[in-house]
Amino acid sequence: MKRDWDLLRWILSEAESARAGYPLVLTFGSYSSDHDRLDIGDRDFEEVYEHILLLGDSGLAEVRNLGQSYSEPIGAVINRLTMAGHDFLDAARDDTLWKKAMKVVDEKGGAITVGVLTQLLSAFMKHHFELP
């Protein structure tokens with residue numbers, strides 16, 4: 001599976017929109033506590049699941065893996081965004097700046113780390129606010 005930056009950005013936005021104090025849950029089955037359910041529409045469950053885990057790996061969100069059955073994942077929970085997750089989302093929120101950053105990434109070969117993407121978005125944000 002390739003990392004999909006647009007999907008990561010969407011998941012972060014959905015997590016930010018969840019009610020304060022309620023986890024955002026992706027699962028095939030039921031979940032026993034109060035929560036907000038992540039509506040993935042026609043997106044692939046396993047791809048969204050893996051990207052939620054990537055958000056946890058990167059420190060952008062506090063994530064809990066609900067495990068896997070023999071053949072497929074059961075689900076994942078986003079307990080909350082971290083400060084780094086909020087900072088990334090704030091830098092990535094503006095569609096014009098996001099598209100500009102993704103264009104640079106594509107022009108430079110298509111691969112970028114979360115740290116460098118955050119720096120790139122922050123640089124565009126500084127320019128947008130006319131900061132040195």
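Just so it is clear, none of the values below were taken in a lab; they were calculated from the coordinates. It should be emphasised that the depicted structure is a prediction, and the values quoted were computed from it without experimental measurement. Counting neighbours? That spans all protein chains shown, and the Cβs are built from the backbone with ideal geometry, glycine included.
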### Task
Using just the helices of the chain, give the 222 nm mean residue ellipticity in deg cm²/dmol: DSSP H runs with n ≥ 4 each add -39,500 (n - 2.57), and the total is spread over all residues, rounded to 500.
-15500 deg cm²/dmol
### Query
Just Gly109, Gly21, Gly75 to compare: in a GNM of the chain, with alpha carbon springs under 10 Å, which one fluctuates most?
Gly109
### Query
Which whole-Hz ³J(HN,Hα) couplings does segment 44-58 yield from phi under the Karplus relation 6.51 cos²θ - 1.76 cosθ + 1.60, θ = phi - 60°, glycine and proline marked x?
6, 4, 5, 5, 5, 4, 4, 6, 4, 4, 4, 4, x, 4, 7
### Query
Taking amide H positions as placed 1.01 Å from N in the peptide plane, with prolines and chain starts having none, which residues 5 or more places from Gly75, or on another chain, fall under 5 Å of its amide H?
Leu66, Gly67
### Message
Apply the Karplus curve 6.51 cos²θ - 1.76 cosθ + 1.60, θ = phi - 60°, to the phi angles in segment 16-21 and return the couplings in whole Hz, x for Gly and Pro.
### Response
5, 7, 5, 4, 4, x
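If you stretched the chain out fully between Ala84 and Asp39, how much longer would it get, using 0.36 nm times the residue separation minus the C-alpha to C-alpha distance?
Gain on stretching Ala84 to Asp39: 13.8 nm.
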### Separation in nanometres of the label points that stand 7 Å from Cα toward Cβ, at His128 and Ser17
1.8
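Looking at the chain, what % of its DSSP beta bridges pair antiparallel, to the nearest 5?
Expressed as a percentage, antiparallel bridges in the chain total about 85.
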### Message
Quick one: 3J(HN,Hα) in Hz for segment 80-90, Karplus 6.51/-1.76/1.60 with θ = phi - 60°, rounded, Gly and Pro as x.
### Response
5, 7, 7, 4, 4, x, 5, 4, 4, 5, 4
### Query
Taking neighbour Cβ counts within 10 Å as the exposure measure, how do Met102, Met83 sort from fewest upward?
Met83, Met102
### Query
What's the extension gain from Glu47 to Lys99 if we count 0.36 nm per residue and subtract their Cα-Cα distance?
16.5 nm
### Query
Around Arg64, what is the net charge, scoring Lys/Arg as +1 and Asp/Glu as -1 over all other residues with Cβ under 14 Å from its Cβ?
-1
